[in-house]
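The values are calculated or read from the model by the stated rules, or taken from the named source; none is laboratory data. Note that the structure is a prediction, hence the values are computed from the model and not measured. Note that we place each Cβ from the backbone using ideal geometry, even for glycine, and neighbour counts take in every protein chain shown.
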Amino acid sequence: MLTTRSAYLFLLPSLTLYLLFVGLPILQVFGFSFFAWDNGIAGDFIGLANYGRLLGDSVFWTALWHNAIWVVLTLAFPLLAGLVIAAILADRNANVVRWLGAIYFIPRTIPLVVAGIIWGWIYNPIFGLLNFGLEAVGLGGLAGAWLAQESTALLSLNVVGAWTFFGFCVIIYLAAIQSIDPALYEAASIDGASWWRKFRDLTVPLLRGSTLFLGLYAAIEAMRFFDLVWVTTQGGPGYATEVLTTHIYKTFFLVGDFGYAATLSVVLLIIVLAISAGAFTLLRKP
Amino acid sequence: MTKSTRLFQNLLLLVFALYALVPVYLVFLAAIRSEADLFSGPLTLSWPINFANFGRIWSEAGFATYFLNSVITAVSVTILVLLTAPLAGFAFAKLRFPGKEILFALFLAGLVVPAPSVIVALYGNLQALGLIDNRIGVILPQAALLMPFSVFMMRTVMQDVPDELIEAAVMDGAGLLKLFLTIVVPVVKPGLMSLGLITFLFAWQEYLLPLVVFQTESLKPLTVGAASLQGRYGVDYGGIAAAGLIAFAPLVVLFLAMQRSFVRGLTAGAVK
């Protein structure tokens, strides 16, 4: 039928682009991971030997652990902050909402590379603002080389990640709150419910869909972020901020081990697809 | 609401506003101060504004070129996405055809594919196609990586087009493409605007693809330029601040000017 053919023609440009530059490489990395590679040339088929190497690769497990920490921290801080701020903002007048919403979102418009550079200064041990501020309020003892010591590097980077992300959460939550029927809140007010009770018993349960969406978004971002680490610590000091993506990058571009880099890519793909499949199942449930 | 609750809430709003703005303010401050008084004095604006850092970075460190490259790449990616994704979104939202569910699921799966996970194969493919160190080698994969989100968002936007509008046009015997261009596009203009803005933002922010694809200095965009500046000009803080500002100020201005449209785009995929 005419519309059937037209439908395929309508899909053709985007589908071609997508399959050629995303679909095909995905199939290729799966394929690459079953071979031994030498100088960029595929050698013998070695089955799952590359996957066996994962077990003994302590950098891989460290990186995976850091990604997991990043997921948890992102769910705990920017998501929660976004929810509370959005709930507060929802009661304020339109001008306040517009201005504060814009201010909170500004960091999200800044490229992560630039965010990394900016925060690199703030964390600088010698002239950084953070140490300066701590000394000014008499807490100079807490000052440190934030990105250069293993104990604080990952956490310090996460503060930067949260900086670029919480405004996004505010905007998504705010839009969802504004679509809630105001009569529900009015009824609660007539019953004498406090702000906190309305937040806990109305806002939070009604925003379940947005929370799942943002949770999924945050988890995926936590698995795939690269720019921020690469421009600040490149995974260091030691392996203190190593994540899967930096491990892939180093294995591929610096070590030149194509087969193992492909194997790591497959693991990353499987993890993000599994996370999203799980989230979609949850979203489908009423 | 009690007075103390409200006070506490205002304080929270303020603290997060400072969290968002202080780092931006610091960059601005460092960029407009001269080297001599960079570390002196309180965190107040200095007067007169010193543009020396911008001049140095713009002409000597090659940021005029980086800026132009960012514009070229981001605009190309945006145009490419705007020419392709709305058609697909319309097909998924309004047309019936065999394989629709599977094809849409294929796009959906791509929503979460991280660029670093395909780079291992993509790099070799680009090499084979002769697209390494070529703008096309960044523009096409970048548009492809943004395609799942764009198609998904366009499907949501197209669902809001009234069926009666389309049926009326079909009865007139309008060809589907003509119908799309004359009837559908005018109705979904705000949605297209949002898609364009978001695509532009993401394309401008991209770092990994241009980092690995471009070798020639004159092709690199701002993100790569700013990152390399950090190493080359290790102690030129005023210069790096000016570079950072050049790299993000256009996005901030664009966002503030088009806030409504941005927000509509961001929430289109999320709420439904």
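So, in the range A:231-248, how many residues would count as being under 26 Å from A:G40 (Cα atoms) and buried (at least 24 other Cβ atoms within 10 Å of the Cβ)?
6
A:T263: part of a helix (DSSP H, G or I), under 15 Å from the mean Cα position of the chain (by Cα) and more than 8 Å from chain B (Cβ to nearest Cβ), yes or no?
No.
Does the range B:247-262 hold any residues that are surrounded by fewer than 24 Cβ atoms within 10 Å (Cβ to Cβ) and hydrophobic (A, V, I, L, M, F, W, C), and which are they?
B:A249, B:L251, B:V252, B:V253, B:L254, B:F255, B:L256, B:A257, B:M258, B:F262
Mind counting the residues in the range B:102-112 that are modelled with pLDDT of 90 or more, touching a helix residue (DSSP H, G or I) at 6+ places or on another chain (Cβ under 9 Å) and of a type outside the set (F, W, Y)?
Within the range B:102-112, residues that are modelled with pLDDT of 90 or more, touching a helix residue (DSSP H, G or I) at 6+ places or on another chain (Cβ under 9 Å) and of a type outside the set (F, W, Y) number 2.
Quick check on the range A:1-37: of everything there that is surrounded by fewer than 19 Cβ atoms within 10 Å (Cβ to Cβ) and not in a helix (DSSP H, G or I), which residue is nearest to the other protein chains (Cβ to nearest Cβ)?
A:M1
Being at pLDDT below 90, facing chain A (nearest Cβ under 10 Å) and crowded, with 21+ Cβ neighbours inside 10 Å is the requirement here; does B:L176 meet it?
Criteria met by B:L176.
Does the range A:121-141 include one or more residues that are away from every other protein chain (no Cβ under 14 Å), part of a helix (DSSP H, G or I) and surrounded by 24 or more Cβ atoms within 10 Å (Cβ to Cβ)?
no
I'd like to check which helices (runs of 4 or more DSSP H) are fully inside the range B:123-213 and have at least 1 residues that are within 30 Å of A:S265 (Cβ to Cβ) and within 16 Å of the chain's Cα centre (by Cα).
Hits in the range B:123-213: B:136-159, B:189-205, B:208-213.
Scan the range A:219-237 for residues that are assigned to a loop (DSSP other than H, G, I, E, B) and either among the β-branched types (V, I, T) or at the interface with another protein chain (Cβ under 7 Å from one of its Cβ atoms) (or both) and report the count.
2
Report yes if some residue within the range A:66-79 is over 22 Å from B:F149 (Cβ atoms), in a helix (DSSP H, G or I) and among the small types (G, A, S); otherwise report no.
yes
Among the helices (runs of 4 or more DSSP H) confined wholly to the range B:1-100, which include 1 or more residues that are at pLDDT below 90 and within 22 Å of the chain's Cα centre (by Cα)?
B:3-32, B:63-94
Return yes when B:V170 is more than 12 Å from chain A (Cβ to nearest Cβ), closer than 17 Å to B:R96 by Cα and surrounded by 13 or more Cβ atoms within 10 Å (Cβ to Cβ) and no when it is not.
The answer is no for B:V170.
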